[in-house]
Amino acid sequence: MRFKTASVTPLLKKTGLDREEFSNYRPISNLHTISKIIERIAMSRLVDHVERSPSYNRFQSAYRRCYSTETATIRLLNDVYRAADDGSRTLLLQLDLSAAFDTIDKNPIRALRHIRKRVSETVALTIASSMVGARIDYCNAVLFGTTKSNIQKLQRVQNSLARIVTGSTRSEQIKPVLARLHWLTIAECIEYKVVLITFKVVTTHKKTSLSV
């Protein structure tokens, strides 16, 4: 168990903070290299044993390689479509987790607009990509084949975000603005995600929720 003994180094969370205040420090634990190797070996054997168990749910998506909430959602939507094509009825039970997201800012674009003049374009681009861009990209593969009006709604959000970051006006063409940021359009992002997931499933030869 001596390998689990860690060397803890307190580091300031941010330069300029009061060094006399303990809450301003972040503990950094440095574990022995051997302990990390042992953990990796034990984890690989444990995961293999659990996945071979007859009671293991093959659609378990959390904490597994090549599985994610996105692939699980795509698989679920595909099953619903196939059931509809076969003339079957589908009953879906979902848990309401909206309370878990009550702390999320509902107006990130407006907030970015307010601080845009105080930050550089590089910083604004980073904020835009993390706060809004990631949300637009997440699970967008399920939007493949959706109506043009739905795509246009998301595209307006992306266009507004791009104009805030670059400081461009509505009179300017949006495609050069997106190209300047190296952003794909919403439709292109959706197509890219579908192609990327398909490529991974076909080439990696690993079981996923999309291949079982």
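The values are calculated or read from the model by the stated rules, or taken from the named source; none is laboratory data. Predicted, not measured: the structure shown is a model, and the values here were computed from it. Cβ placement follows ideal geometry from the backbone for every residue including glycine, while neighbour counts extend to all protein chains displayed. These accessible areas exclude ligands, DNA and RNA; they are computed on the full protein's heavy atoms, side chains included. Shrake-Rupley method; radii C 1.70, N 1.55, O 1.52, S 1.80 Å.
Quick one: if the Förster radius is 22 Å, what FRET efficiency do ARG110 and ARG180 give, using the C-beta to C-beta distance and rounding to 0.05? About 0.45, to the nearest 0.05. So if R0 is 30 Å, what FRET efficiency would SER68 and THR126 give, r being the distance between their Cβ atoms, rounded to the nearest 0.05? The formula returns an efficiency of 0.80 here.
Looking at VAL194, SER120, ALA134, which one has the Cα that reaches farthest to the positive end of the dipole of the chain (charges on Cβ: Lys, Arg +1; Asp, Glu -1)? Final value for the positive-end residue is SER120. Peptides 56-66, 175-185 ranked from most to least packed give 175-185, 56-66, packing being the mean of other C-beta atoms within 10 angstrom over each peptide's residues.
Annotation: per residue accessible area for the chain equals 78 Å², rounded to a whole number [probe 1.4 Å, protein chains only].
Over the residues of the chain, the helix contribution to mean residue ellipticity at 222 nm works out to -15000 deg cm²/dmol, using -39500 (n - 2.57) for each DSSP H run of at least 4.
Dipole check for the chain: with +1 at the C-beta of Lys and Arg, -1 at the C-beta of Asp and Glu, and the Cα centre as origin, the magnitude is about 380 Debye. Compared with the alpha-carbon gap, the fully stretched path from VAL142 to LYS200 is longer by 19.2 nm at 0.36 nm per residue.
Packing here is the average count of other Cβ atoms within 10 Å per residue, and on that basis the peptides 191-197, 5-11, highest first, run 191-197, 5-11. The charge dipole of the stretch 127-212, taken about its Cα centre with unit charges on the Cβ of Lys, Arg, Asp and Glu (plus for the first two, minus for the last two), comes to roughly 100 debye. When you restrict to C-alpha pairs under 8 Å that are six or more residues apart and normalise by the size of the chain, the relative contact order lands at 19 percent. Between the stretch 123-164 and the stretch 178-200, the C-alpha centres lie 11 angstrom from each other. Peptide packing: for 112-121, 162-171, the average count of neighbouring Cβ atoms within 10 Å per residue gives the ranking 162-171, 112-121, highest mean first.
Within the chain, the whole DSSP H helices whose Cα atoms reach 18 Å or more along their own axis and whose mean Kyte-Doolittle score is at least 0.5 are 186-204.
Please work out which option in (i) 18.8; (ii) 19.6; (iii) 22.0 gives Kirkwood radius over Cα pairs in Å calculated from these coordinates, and answer with its label. The value computed from this structure is option (iii).
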